[in-house]
1. Mind checking which residues of region 1-58 are surrounded by fewer than 17 Cβ atoms within 10 Å (Cβ to Cβ) and touching a strand residue (DSSP E or B) at 6+ places or on another chain (Cβ under 6 Å)?
2. Please go through region 73-103 and give me each residue that is open to solvent by 40 Å² or more (accessible area, probe 1.4 Å), in contact with a strand residue (DSSP E or B) (Cβ under 7 Å, 6 or more places away or on another chain) and not in a helix (DSSP H, G or I), ordered by number.
3. Is region 146-155 home to any residue that is of a type outside the set (Gly, Ala, Ser), at pLDDT 90 or above and within 25 Å of the chain's Cα centre (by Cα)?
4. If you scan region 22-42, which residues turn out to be part of a loop (DSSP other than H, G, I, E, B) and more than 12 Å from Lys12 (Cα to Cα)?
5. Among the residues of region 150-193, which ones are open to solvent by 20 Å² or more (accessible area, probe 1.4 Å), among the hydroxyl-bearing types (Ser, Thr, Tyr) and more than 14 Å from Phe121 (Cβ to Cβ)?
6. Of all residues in region 169-178, how many are under 16 Å from Asn143 (Cα atoms) and of a type in the set (D, E, K, R)?
7. Inside region 121-173, can you point out the residues that are among the small types (Gly, Ala, Ser) and within 18 Å of Glu111 (Cα to Cα)?
Amino acid sequence: MLTDQQAIIACKTDGKFLVLAGAGSGKTYTLTQRIITLIQEGIQPETITAVSFTKKASNEIKDRTLNFFPAAQGVKFGTFHSLCLKILKYYPAQLIELQLISDEEFIILDEKDRATLINRFVEQSRPGVYDPQLLERVVNFLNKWGRKLDFPTVESSNDPEVFRIWWKIQQEKVKLNYVDFDDILKYTFLLLN
């Protein structure tokens, strides 16, 4: 049984909804019911996309929806990263034009390889000197700007040394055709704008 707030989300067929709630609050059930309602109202399953933050949640929404309502076959289920990755793979020429990648077959850079790349450029900036504070500043800078929807400038960085290292890392990623997890979201935003 849906609560009043859940029923509003599940029964409306116009517009988009963002459902934010704690564990065990009925998010998956609400989204499942909304998908079923949309299809029952004549919306083609292929035009519906259900997006969640985690693969586990996405699979749960998919499994429940298809178990309750097999006619939902064709609905696209995924995480924000998986949806954005599909968009990026569909438009590689535009990414090349924006100078974000160098070749249509880009490579997803995992966290381990990203750390190796960062360490290499931090070490190159001060040969023979290990500086954990510099490494921490670079990692913090990358994390901060990786989640923003634009790119830093020397002025916005407030740390020219860290900015230079970031710039070298960015150039290397383009040259080697790497895209990291933060890039997947940022590049999709840039592409769609």
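1. Thr49, Lys55
2. The one that is open to solvent by 40 Å² or more (accessible area, probe 1.4 Å), in contact with a strand residue (DSSP E or B) (Cβ under 7 Å, 6 or more places away or on another chain) and not in a helix (DSSP H, G or I): Lys76.
3. Looking through region 146-155, none of the residues is of a type outside the set (Gly, Ala, Ser), at pLDDT 90 or above and within 25 Å of the chain's Cα centre (by Cα).
4. Gly22, Ala23, Gly24, Ser25, Gly26, Gly42
5. Scanning region 150-193 gives Thr153, Ser156.
6. Result for region 169-178: 1.
7. The one that is among the small types (Gly, Ala, Ser) and within 18 Å of Glu111 (Cα to Cα): Gly146.
The values are calculated or read from the model by the stated rules, or taken from the named source; none is laboratory data. Quantities reported herein were computed from a predicted structural model and do not represent experimental measurements. Counting neighbours? That spans all protein chains shown, and the Cβs are built from the backbone with ideal geometry, glycine included. The area values use the complete protein model at the heavy-atom level, side chains included, leaving out ligands, DNA and RNA. Shrake-Rupley method; radii C 1.70, N 1.55, O 1.52, S 1.80 Å.
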